[in-house]
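Worksheet for the structure shown next.
The values are calculated or read from the model by the stated rules, or taken from the named source; none is laboratory data. Worth saying up front: this structure is predicted, and the values here are computed from it rather than measured. Every residue, glycine among them, receives a Cβ derived from its backbone with ideal geometry; neighbour counts consider all protein chains shown. For the accessible areas, the whole protein counts, side chains as well, though only heavy atoms, and no ligand, DNA or RNA atoms are used. Shrake-Rupley method; radii C 1.70, N 1.55, O 1.52, S 1.80 Å.
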Amino acid sequence: MKGGHLPQFLKSLFLIVTALLPIVNPLGNAPIFLALTGDSPPGARLGLAWRIARYSLFLLLGSLIVGTYVLDFFGVSLPIVQIGGGLIVLSAGWTMLKHEDDRRGVAPQDAMQKAFYPLTLPLTVGPGSISVAITLGANAPHAGGSRLILALTAALIGSLIVALTVFLSYAFADRLAALLGPTAMNVIVRLSSFLLTCVGLQIMWNGLSTLLHMV
């Protein structure tokens, strides 16, 4: 990597990580992950965390690199993605908010079947994260040569960093719960569910307001 390209690479990498990590919010989602996996054994939860991190990597990387082209191919605009995805996030948050406080959980095989939906999409990598990733990818250099290679490398490393943070947060969610205690965890889960509902509503409004300005 040439010296002149290093600052641009680091800038792109920093932008990707700082833009995506607060929206993905693995640490904030860890109590929700723990509540949904219930009494699954630690080994099964560790495997589930690894699978979610892997799916998150593919989603983020795909959105960064080809997200714009996929939307163009199907004729879907970004505001429509925000409205539809916001509805899913709103529904997930509302369901958890109304869920009675039990910790029966689900069987490990059932949890694995839910690794992609809803544990990865939309609870971990939701429409907000996908929208930001697509926007970042659209603004990255698309011309051939070294600038394109640097942009792809920054997208890969940035997605890996976010996915690794997801894995660590989910894998050690039970230790966080043991440290805080059941009452505090229940409060955090309820607050997180309420915030998830609000985030879904906000994402819907972002898409709707964009469409209204286009009319």
Next item on the list: Among residues belonging to the range 53-87 that are in a helix (DSSP H, G or I), of a type in the set (A, V, I, L, M) and more than 18 Å from GLY158 (Cα to Cα), point out the one that is modelled with the highest pLDDT.
Entry: VAL70
Next item on the list: From ALA171, ALA155, ALA133, grab the single residue that is of a type outside the set (Phe, Trp, Tyr), at pLDDT 85 or above and within 15 Å of TRP50 (Cβ to Cβ).
Entry: ALA171
Checklist line | Breaking point among (1) closer than 18 Å to TRP94 by Cα; (2) open to solvent by 70 Å² or more (accessible area, probe 1.4 Å), for LEU212 | finding: (1)
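Against the definition (in contact (Cβ under 8 Å) with a residue 60 or more places away in the chain and open to solvent by 40 Å² or more (accessible area, probe 1.4 Å)), how does ARG190 come out, yes or no?
On the way: in contact (Cβ under 8 Å) with a residue 60 or more places away in the chain: yes; open to solvent by 40 Å² or more (accessible area, probe 1.4 Å): yes.
Answer is yes for this residue.
Given the criterion over 9 Å from the mean Cα position of the chain (by Cα) and open to solvent by less than 50 Å² (accessible area, probe 1.4 Å), identify the matching residue among LEU156, LEU150.
On the way: LEU156 fails: open to solvent by less than 50 Å² (accessible area, probe 1.4 Å).
None of the other options fit; the residue is LEU150.
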Checklist line | Selected residue (criterion: modelled with the lowest pLDDT) from residues of the range 88-130 that are open to solvent by less than 40 Å² (accessible area, probe 1.4 Å) and hydroxyl-bearing (Ser, Thr, Tyr) | finding: SER129
Check: Of the residues that sit in the range 1-31 and are closer than 22 Å to ALA173 by Cα and either more than 13 Å from the chain's Cα centre (by Cα) or open to solvent by 30 Å² or more (accessible area, probe 1.4 Å) (or both), which one is modelled with the lowest pLDDT?
Finding: PRO22
Next item on the list: Go through the residues of the range 133-146 one by one and say whether even a single one is open to solvent by less than 20 Å² (accessible area, probe 1.4 Å), of a type outside the set (A, V, I, L, M, F, W, C) and out of contact with any strand residue (DSSP E or B) (no Cβ under 7 Å at 6 or more places or on another chain).
Entry: yes
